[in-house]
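Report on the following structure.
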Amino acid sequence: MKLDTNSNLYTFIYASVLVIAVAAALAFTAVKLKPLQDKNVRVEKMQNILKSIGVNTTPDNAEQLYNKYVTDAYAVNSKGEKLEGVNAFDVNLKLQFKAEPDKRVLPVYEAKNDKGETKIIIPLRGKGLWGPIWGYFALNDDYNTIYGAVFDHKGETPGLGAEIATEKFQKQFKGKTLFDGDKFVSITVYKGGKGSALKAGDTKHGVDAISGGTITSKGLEAMVKDDWLFAYKAFLEKNKK
(Lines give C-alpha, C1' and ligand atoms only; values in the text may rest on other atoms or scores of the structure.)
Protein backbone atom coordinates (compact mmCIF):
# COMPACT_ATOMS: atom_id res chain seq x y z
CA MET A 1 0.00 0.00 0.00
CA LYS A 2 1.36 3.36 -1.01
CA LEU A 3 0.96 6.10 1.58
CA ASP A 4 -0.20 9.53 0.64
CA THR A 5 2.80 11.79 1.17
CA ASN A 6 0.50 14.60 2.17
CA SER A 7 -1.29 12.59 4.87
CA ASN A 8 -0.83 12.96 8.61
CA LEU A 9 0.07 9.26 8.88
CA TYR A 10 2.93 9.65 6.42
CA THR A 11 4.24 12.68 8.31
CA PHE A 12 4.06 10.83 11.63
CA ILE A 13 5.86 7.74 10.30
CA TYR A 14 8.52 9.81 8.55
CA ALA A 15 9.19 11.90 11.67
CA SER A 16 9.32 8.80 13.88
CA VAL A 17 11.82 7.03 11.63
CA LEU A 18 13.96 10.16 11.44
CA VAL A 19 13.98 10.62 15.22
CA ILE A 20 14.90 6.97 15.81
CA ALA A 21 17.69 7.15 13.22
CA VAL A 22 19.17 10.31 14.71
CA ALA A 23 18.93 8.93 18.27
CA ALA A 24 20.65 5.71 17.20
CA ALA A 25 23.42 7.67 15.48
CA LEU A 26 23.97 9.88 18.54
CA ALA A 27 24.01 6.88 20.88
CA PHE A 28 26.53 5.09 18.66
CA THR A 29 28.74 8.18 18.51
CA ALA A 30 28.59 8.66 22.29
CA VAL A 31 29.59 5.04 22.92
CA LYS A 32 32.47 5.27 20.46
CA LEU A 33 33.73 8.58 21.84
CA LYS A 34 33.43 7.76 25.57
CA PRO A 35 36.84 5.99 25.87
CA LEU A 36 38.51 9.00 24.26
CA GLN A 37 36.61 11.42 26.50
CA ASP A 38 37.53 9.41 29.61
CA LYS A 39 41.17 9.41 28.54
CA ASN A 40 41.13 13.18 28.05
CA VAL A 41 39.68 13.67 31.55
CA ARG A 42 42.40 11.46 33.07
CA VAL A 43 45.16 13.26 31.19
CA GLU A 44 43.86 16.69 32.20
CA LYS A 45 43.72 15.53 35.81
CA MET A 46 47.34 14.37 35.66
CA GLN A 47 48.34 17.69 34.12
CA ASN A 48 46.68 19.68 36.90
CA ILE A 49 48.21 17.55 39.64
CA LEU A 50 51.67 18.06 38.16
CA LYS A 51 51.08 21.77 37.54
CA SER A 52 50.52 22.25 41.27
CA ILE A 53 54.17 21.27 41.87
CA GLY A 54 55.45 23.34 38.95
CA VAL A 55 55.75 20.59 36.33
CA ASN A 56 54.40 21.62 32.94
CA THR A 57 53.15 18.90 30.63
CA THR A 58 51.46 18.24 27.33
CA PRO A 59 48.68 15.72 26.68
CA ASP A 60 51.29 13.48 25.06
CA ASN A 61 53.71 13.29 28.00
CA ALA A 62 51.35 13.82 30.96
CA GLU A 63 51.05 10.15 31.94
CA GLN A 64 54.79 9.54 31.63
CA LEU A 65 55.60 12.53 33.82
CA TYR A 66 52.83 11.68 36.28
CA ASN A 67 54.40 8.25 36.81
CA LYS A 68 57.80 9.91 37.20
CA TYR A 69 56.89 12.56 39.77
CA VAL A 70 53.95 11.09 41.73
CA THR A 71 55.34 8.60 44.23
CA ASP A 72 52.17 7.59 46.07
CA ALA A 73 48.40 8.00 45.92
CA TYR A 74 45.95 6.96 48.62
CA ALA A 75 42.71 8.03 50.27
CA VAL A 76 41.88 8.96 53.84
CA ASN A 77 38.69 9.49 55.81
CA SER A 78 37.69 12.50 57.89
CA LYS A 79 39.61 11.07 60.85
CA GLY A 80 42.81 11.15 58.83
CA GLU A 81 42.96 7.35 58.59
CA LYS A 82 44.18 5.71 55.40
CA LEU A 83 41.56 3.68 53.57
CA GLU A 84 42.62 0.33 52.18
CA GLY A 85 41.67 -0.85 48.71
CA VAL A 86 40.78 2.60 47.34
CA ASN A 87 42.16 3.85 44.03
CA ALA A 88 42.69 7.51 44.88
CA PHE A 89 42.90 8.62 41.25
CA ASP A 90 39.47 7.19 40.46
CA VAL A 91 37.63 8.74 43.41
CA ASN A 92 34.72 10.79 42.03
CA LEU A 93 35.01 14.18 43.75
CA LYS A 94 31.62 15.28 42.42
CA LEU A 95 29.94 12.48 44.37
CA GLN A 96 32.13 12.99 47.43
CA PHE A 97 31.27 16.70 47.51
CA LYS A 98 27.59 15.76 47.82
CA ALA A 99 28.32 13.41 50.74
CA GLU A 100 28.48 14.52 54.38
CA PRO A 101 32.05 15.60 55.27
CA ASP A 102 32.51 12.76 57.77
CA LYS A 103 31.50 10.22 55.09
CA ARG A 104 33.83 11.41 52.35
CA VAL A 105 36.62 9.44 50.70
CA LEU A 106 39.47 11.96 50.42
CA PRO A 107 42.27 11.41 47.88
CA VAL A 108 45.87 12.39 48.63
CA TYR A 109 48.86 12.38 46.28
CA GLU A 110 52.53 12.48 47.20
CA ALA A 111 55.08 13.69 44.68
CA LYS A 112 58.64 14.94 44.38
CA ASN A 113 59.41 18.07 42.45
CA ASP A 114 62.49 18.67 40.31
CA LYS A 115 64.51 19.43 43.44
CA GLY A 116 63.57 16.10 44.99
CA GLU A 117 61.39 17.79 47.63
CA THR A 118 58.31 15.90 48.82
CA LYS A 119 54.99 17.62 48.21
CA ILE A 120 51.53 16.61 49.42
CA ILE A 121 48.82 17.27 46.84
CA ILE A 122 45.20 17.62 47.90
CA PRO A 123 42.36 17.89 45.36
CA LEU A 124 39.68 20.52 45.94
CA ARG A 125 36.00 20.77 44.98
CA GLY A 126 33.50 23.58 45.40
CA LYS A 127 30.74 25.74 43.93
CA GLY A 128 31.21 28.88 41.87
CA LEU A 129 28.64 31.30 40.51
CA TRP A 130 27.51 29.21 37.53
CA GLY A 131 28.73 25.71 38.34
CA PRO A 132 31.43 23.60 39.97
CA ILE A 133 34.95 24.83 40.64
CA TRP A 134 37.89 22.62 41.53
CA GLY A 135 41.63 22.58 41.93
CA TYR A 136 44.67 21.29 43.81
CA PHE A 137 46.81 22.50 46.71
CA ALA A 138 50.39 21.23 46.76
CA LEU A 139 51.73 21.48 50.32
CA ASN A 140 55.29 21.29 51.60
CA ASP A 141 56.11 18.28 53.74
CA ASP A 142 55.15 20.30 56.81
CA TYR A 143 51.52 19.67 55.74
CA ASN A 144 50.86 23.35 56.27
CA THR A 145 52.62 25.65 53.78
CA ILE A 146 51.18 25.94 50.28
CA TYR A 147 53.80 25.27 47.61
CA GLY A 148 51.48 25.69 44.63
CA ALA A 149 47.82 26.06 43.73
CA VAL A 150 45.80 25.25 40.63
CA PHE A 151 42.12 26.11 40.12
CA ASP A 152 39.67 25.57 37.29
CA HIS A 153 35.97 25.91 36.62
CA LYS A 154 33.15 24.74 34.40
CA GLY A 155 31.36 27.95 33.49
CA GLU A 156 32.49 31.04 35.40
CA THR A 157 32.26 34.39 33.64
CA PRO A 158 35.26 35.24 31.39
CA GLY A 159 37.22 38.19 32.76
CA LEU A 160 35.52 37.84 36.16
CA GLY A 161 35.09 34.55 38.04
CA ALA A 162 37.03 32.66 35.35
CA GLU A 163 40.15 34.50 36.56
CA ILE A 164 40.58 31.82 39.24
CA ALA A 165 42.19 29.74 36.48
CA THR A 166 44.92 32.32 35.82
CA GLU A 167 48.47 32.18 37.10
CA LYS A 168 48.13 35.74 38.44
CA PHE A 169 45.43 34.67 40.87
CA GLN A 170 46.89 31.28 41.73
CA LYS A 171 50.40 32.47 42.58
CA GLN A 172 49.01 34.47 45.52
CA PHE A 173 48.58 31.22 47.43
CA LYS A 174 52.23 30.20 47.32
CA GLY A 175 53.79 30.45 50.78
CA LYS A 176 50.47 30.89 52.62
CA THR A 177 49.76 28.55 55.53
CA LEU A 178 46.67 26.58 56.48
CA PHE A 179 47.31 26.67 60.23
CA ASP A 180 47.78 29.56 62.62
CA GLY A 181 49.76 27.76 65.28
CA ASP A 182 47.64 24.68 65.98
CA LYS A 183 44.42 26.20 64.68
CA PHE A 184 43.21 25.35 61.18
CA VAL A 185 42.27 28.66 59.53
CA SER A 186 43.10 27.99 55.85
CA ILE A 187 42.86 30.88 53.38
CA THR A 188 40.62 33.95 53.43
CA VAL A 189 39.80 35.66 50.13
CA TYR A 190 39.49 39.42 50.69
CA LYS A 191 37.33 41.47 48.34
CA GLY A 192 38.26 45.02 47.43
CA GLY A 193 40.87 44.58 44.71
CA LYS A 194 44.63 44.34 44.70
CA GLY A 195 46.23 44.71 48.11
CA SER A 196 43.07 43.87 50.06
CA ALA A 197 44.70 41.07 52.05
CA LEU A 198 47.64 43.32 52.89
CA LYS A 199 45.31 46.12 53.99
CA ALA A 200 43.54 43.62 56.22
CA GLY A 201 46.88 42.78 57.79
CA ASP A 202 46.61 39.14 56.72
CA THR A 203 49.78 38.20 54.88
CA LYS A 204 49.94 34.60 56.10
CA HIS A 205 46.43 33.36 55.36
CA GLY A 206 44.91 35.93 52.99
CA VAL A 207 44.74 36.54 49.24
CA ASP A 208 43.02 39.18 47.11
CA ALA A 209 39.67 38.34 45.58
CA ILE A 210 38.95 38.71 41.88
CA SER A 211 37.69 42.16 41.04
CA GLY A 212 34.06 41.78 39.97
CA GLY A 213 34.05 38.07 40.77
CA THR A 214 32.84 38.21 44.36
CA ILE A 215 30.59 35.15 44.30
CA THR A 216 33.21 32.97 42.64
CA SER A 217 35.86 34.25 45.07
CA LYS A 218 33.68 33.45 48.09
CA GLY A 219 32.89 30.04 46.59
CA LEU A 220 36.60 29.37 46.30
CA GLU A 221 37.14 30.50 49.89
CA ALA A 222 34.40 28.12 51.03
CA MET A 223 36.07 25.33 49.02
CA VAL A 224 39.40 25.78 50.80
CA LYS A 225 37.69 26.08 54.18
CA ASP A 226 34.51 24.45 55.49
CA ASP A 227 32.92 23.17 52.25
CA TRP A 228 35.79 20.85 51.35
CA LEU A 229 39.29 21.23 52.76
CA PHE A 230 38.11 21.13 56.38
CA ALA A 231 37.41 17.42 55.89
CA TYR A 232 41.21 16.94 55.60
CA LYS A 233 41.84 18.74 58.91
CA ALA A 234 42.51 15.59 60.97
CA PHE A 235 44.83 14.19 58.30
CA LEU A 236 46.80 17.43 58.16
CA GLU A 237 46.97 17.74 61.96
CA LYS A 238 48.33 14.19 62.32
CA ASN A 239 51.18 14.90 59.94
CA LYS A 240 51.87 18.61 60.53
CA LYS A 241 55.39 19.46 61.59
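Filter segment 117-138 for residues that are more than 19 Å from Ser186 (Cα to Cα) and not in a strand (DSSP E or B) and give the result. Steps first, answer last, please.
In the first step, residues of segment 117-138 are kept if they are more than 19 Å from Ser186 (Cα to Cα); the result is 117-118, 129-132.
Selection gives Glu117, Leu129, Trp130, Gly131.
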Which of (1) basic (Lys, Arg); (2) modelled with pLDDT of 95 or more; (3) closer than 25 Å to Asp102 by Cα is the odd one out, the single condition Lys171 does not satisfy? (3)
With the requirement that a residue be in contact with a helix residue (DSSP H, G or I) (Cβ under 8 Å, 6 or more places away or on another chain) and farther than 19 Å from Lys127 by Cβ, what does segment 82-105 give you? Phe89, Asp102, Val105
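Condition check ((1) within 25 Å of Thr71 (Cα to Cα); (2) buried (at least 21 other Cβ atoms within 10 Å of the Cβ)) across all residues:
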{"position": "Leu95", "(1), (2)": "no, no"}
{"position": "Asp102", "(1), (2)": "no, no"}
{"position": "Ala111", "(1), (2)": "yes, yes"}
{"position": "Arg125", "(1), (2)": "yes, no"}
{"position": "Pro132", "(1), (2)": "no, no"}
{"position": "Gly135", "(1), (2)": "yes, yes"}
{"position": "Leu139", "(1), (2)": "yes, yes"}
{"position": "Lys154", "(1), (2)": "no, no"}
{"position": "Leu160", "(1), (2)": "no, no"}
Under 6 Å between Cβ atoms, which residue pairs at least 6 apart in sequence (or on different chains) link something in segment 123-151 that is touching a residue at least 12 places away in the same chain (Cβ under 8 Å) and of a type in the set (Asp, Glu) with a partner that is in a strand (DSSP E or B) and surrounded by fewer than 24 Cβ atoms within 10 Å (Cβ to Cβ)? Asp141/Thr118
Which condition from (1) surrounded by 14 or more Cβ atoms within 10 Å (Cβ to Cβ); (2) over 15 Å from Lys51 (Cα atoms) is the one that Ile120 breaks? (2)
Yes or no: segment 27-34 includes at least one residue that is modelled with pLDDT under 85, closer than 26 Å to Gly135 by Cβ and loosely packed, with under 15 Cβ neighbours inside 10 Å. yes
Assuming Thr166 fulfils every condition listed in (1) of a type in the set (S, T, N, Q); (2) crowded, with 17+ Cβ neighbours inside 10 Å; (3) under 13 Å from Lys51 (Cβ atoms) apart from one, which condition is it? (2)
When restricted to Lys194, Lys204, Lys233, the only residue at pLDDT 95 or above, more than 21 Å from Glu110 (Cα to Cα) and not in a strand (DSSP E or B) is Lys204
Options Asp114, Asp141, Asp102: the member that is farther than 15 Å from Leu229 by Cβ and either touching a strand residue (DSSP E or B) at 6+ places or on another chain (Cβ under 7 Å) or in a helix (DSSP H, G or I) (or both): Asp141
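When you look at Ala149, is it of a type in the set (A, V, I, L, M), within 14 Å of the chain's Cα centre (by Cα) and surrounded by fewer than 21 Cβ atoms within 10 Å (Cβ to Cβ), yes or no?
Judged against the criteria, Ala149 is not a match.
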In segment 207-218, residue farthest from the chain's Cα centre (by Cα) [restricted to those that are assigned to a helix (DSSP H, G or I) and surrounded by fewer than 24 Cβ atoms within 10 Å (Cβ to Cβ)]: Thr214
Give me the pairs, please: first residue somewhere in segment 190-212 and closer than 18 Å to Thr166 by Cα, second residue anywhere and polar (S, T, N, Q) and in a strand (DSSP E or B), beta-carbon distance under 6 Å, and either six or more positions apart or on two chains. Gly206/Thr188
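The values are calculated or read from the model by the stated rules, or taken from the named source; none is laboratory data. Keep in mind that this is a model prediction, so the values were computed, not measured. Note that we place each Cβ from the backbone using ideal geometry, even for glycine, and neighbour counts take in every protein chain shown.
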